[in-house]
Amino acid sequence: MIEAMPYHGTYTPNPNVMSDIFDSDNYAKLKDSHVTIGGKKLLHKFFSGLQDIALGLSTDGFAPFKRQKQTCWPPILFNYNLPPEVCFHLQNILCVGIIPGPNKPKDFDSFQWPLVEELLKLKIGVPAFDVRASEVFSLCAYLILNFGDMLAIVMVMQMKGHNALFPCRFCHIKGI
């Protein structure tokens, strides 16, 4: 797995084709931006190191038992440093918690706060050991994507939902 991790550092974006997350305008803008936390600009830029990790977060509710309406919500992280053909394989997915039921969480942020704290530390950089180079380096990881179905995104973004007056987070279509 360690051999596949530098995928993002060796990937060459194609401006005319969107075939990877690293072809996105968002990623290009991040690479040109300094990391900022709480209004304070840090010295390093996003993805300035070959070992920097790009992460995606997803969550969705599911019923763990047959014929029951109880749900649980596992937030999971995807490592985009791995090539697309393996980054979504089960052995490469990081389940960072399970939010218990019986219903969807009323305050999703309260369950996500420990993850947010960890991601803030990773944004600054944490000491790690590079086995190949036999040296300590500052490991940075950045959450670049958050996705899920409509109900999960509504919960994550604290929106009113698909039956609100302005149901879409992208367009300005007004409901009736």
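Quick notes
- Screening the range 1-14 for residues that are of a type in the set (A, V, I, L, M) and farther than 15 Å from residue 88 by Cβ and picking the one that is surrounded by the fewest Cβ atoms within 10 Å (Cβ to Cβ) gives 2.
- Put simply, of 126, 116 the only residue that is among the aliphatic types (A, V, I, L, M), free of Cβ contacts under 8 Å to residues at least 24 places away in the same chain and within 20 Å of residue 155 (Cβ to Cβ) is 116.
- In the range 94-103, the residue that is farthest from residue 144 (Cα to Cα) out of those that are surrounded by 15 or more Cβ atoms within 10 Å (Cβ to Cβ) and not small (Gly, Ala, Ser) is 99.
- Annotation note: of 50, 55, 30, 43, the sole residue that is at negative phi, at pLDDT below 85, among the aliphatic types (A, V, I, L, M) and out of contact with any His (no Cβ under 7 Å at 6 or more places or on another chain) is 50.
The values are calculated or read from the model by the stated rules, or taken from the named source; none is laboratory data. Remember, it's a predicted structure, so these values are computed and weren't measured experimentally. Cβ sites come from the backbone with ideal geometry, for glycine too, and all protein chains shown count toward neighbours.
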